[in-house]
1. What residue, among those in region 93-117 that are part of a loop (DSSP other than H, G, I, E, B) and surrounded by 18 or more Cβ atoms within 10 Å (Cβ to Cβ), is nearest to the chain's Cα centre (by Cα)?
2. Output the residue which, of all residues in region 123-132 that are assigned to a loop (DSSP other than H, G, I, E, B) and either polar (S, T, N, Q) or open to solvent by less than 10 Å² (accessible area, probe 1.4 Å) (or both), is farthest from residue 73 (Cα to Cα).
3. Is region 212-226 home to any residue that is open to solvent by less than 20 Å² (accessible area, probe 1.4 Å) and closer than 29 Å to residue 47 by Cα?
4. Restricting attention to region 170-188, and to residues there that are in contact (Cβ under 8 Å) with a residue 40 or more places away in the chain and open to solvent by less than 20 Å² (accessible area, probe 1.4 Å), which single residue is nearest to the chain's Cα centre (by Cα)?
5. Mind telling me which of the residues 211, 192, 197 ends up being under 24 Å from residue 234 (Cα atoms), in contact (Cβ under 8 Å) with a residue 24 or more places away in the chain and of a type outside the set (Val, Ile, Thr)?
6. Which ones in region 189-211 are of a type outside the set (Phe, Trp, Tyr), within 18 Å of the chain's Cα centre (by Cα) and open to solvent by 50 Å² or more (accessible area, probe 1.4 Å)?
7. Of the residues that make up region 162-183, is at least one of a type in the set (A, V, I, L, M) and in a loop (DSSP other than H, G, I, E, B)?
8. Looking at this structure, is residue 35 of a type outside the set (Phe, Trp, Tyr) and either open to solvent by 60 Å² or more (accessible area, probe 1.4 Å) or free of Cβ contacts under 8 Å to residues at least 40 places away in the same chain (or both)?
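The values are calculated or read from the model by the stated rules, or taken from the named source; none is laboratory data. In this text the structure is predicted, and so the values were computed from the model without any measurement. Methodologically, a virtual Cβ is constructed for each residue, glycine included, from the backbone with ideal geometry; neighbour enumeration extends over all protein chains shown. Remember, those area values only see protein heavy atoms, side chains included, never the ligands or the DNA or RNA. Shrake-Rupley method; radii C 1.70, N 1.55, O 1.52, S 1.80 Å.
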Amino acid sequence: MNSFPTTRLRRFRRSDRLRALVRETRLDLDDFVLPLFVGPTTESNADLPALGRFSLEDLAAEAEEAARLGVRAVLLFGIPDEKDAEGSGAWDEDGVIQRALRTLRESSPGLVLLTDVCLCEYTSHGHCGVLEGEEVDNDATLELLARTAVSHAAAGADAVCPSDMMDGRVAAIRAGLDEEGYGETPIVSYAAKYASAFYGPFREAADSAPAFGDRRGYQLDPANVREALRECELDVAEGADALLIKPALPNLDVIRAARERFDLPVGAYNVSGEYAMLKAAGANGWLDEREAALESLTAIVRAGADLVVSYWTKDLAHWL
């Protein structure tokens, strides 16, 4: 191999056009998913605009605008009028997500509609499943998650995305969907969802913070990658159609490891805390938000993500 001075790697860095010619990783809006929060009323968020809530009427307008900009897919999170110990609003035929799906199916027929399948937004205690004492009862929760997924499919969801981290949830959801005639509905599993400090702004937007304790008993330890791959293997065996790693930036190594191990589509969730950090730094003039966001999103795709859930998706439509 030739070396300096024959080899000069700076030759292709001399201009924007030359750099673009040999660029290895490119961002494509088709690969990005916009999270949207729907609740009883619209509540804007001045500091973190993408974490505002929309009423059903305003959700339709927001989705239509996103579609006009070129956004292809949205991921819906619901904030119900009332909560209970079981989280029964999650599978209610007239629940907030079910109504949102029917609304968007009519108003934005071209959008891909994904739904978060979890109970935390719907339970009075804020945990991701039903409780036995102060512990989440894994097996009793599975049936409720399956009922939720089926209700979403019935209301028009293109794919369901379980984020609860209960053992066996993918198999239960697959069986439930198949039994009710939704065998073609894919499952995008949050296969490796870590117990992370980066979820704070999301929990405020979704009103889903646990009333006591934390979620370390069912979400992954941030120190573990081999365990994350075991989670992925189990979800693949149970019928997952795609895998999702969350959060994205602290787990680029996990995204890469999953991409190399599995042939399924691998996604990553660029979570609220990652968004909030760059928003705050940009607002304070410490860095350029657009450039930092693009660099971060490029790193996630470069690590191997085929799809990215990101609060910058609408911004990306303008930037690209």
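1. Top of the filtered list is 111.
2. 124
3. Scanning region 212-226, I find at least one residue that is open to solvent by less than 20 Å² (accessible area, probe 1.4 Å) and closer than 29 Å to residue 47 by Cα, so the answer is yes.
4. 188
5. It is 192.
6. Answer for region 189-211, where residues must be of a type outside the set (Phe, Trp, Tyr), within 18 Å of the chain's Cα centre (by Cα) and open to solvent by 50 Å² or more (accessible area, probe 1.4 Å): 197, 203, 204, 207, 209.
7. yes
8. It is false that residue 35 is of a type outside the set (Phe, Trp, Tyr) and either open to solvent by 60 Å² or more (accessible area, probe 1.4 Å) or free of Cβ contacts under 8 Å to residues at least 40 places away in the same chain (or both).
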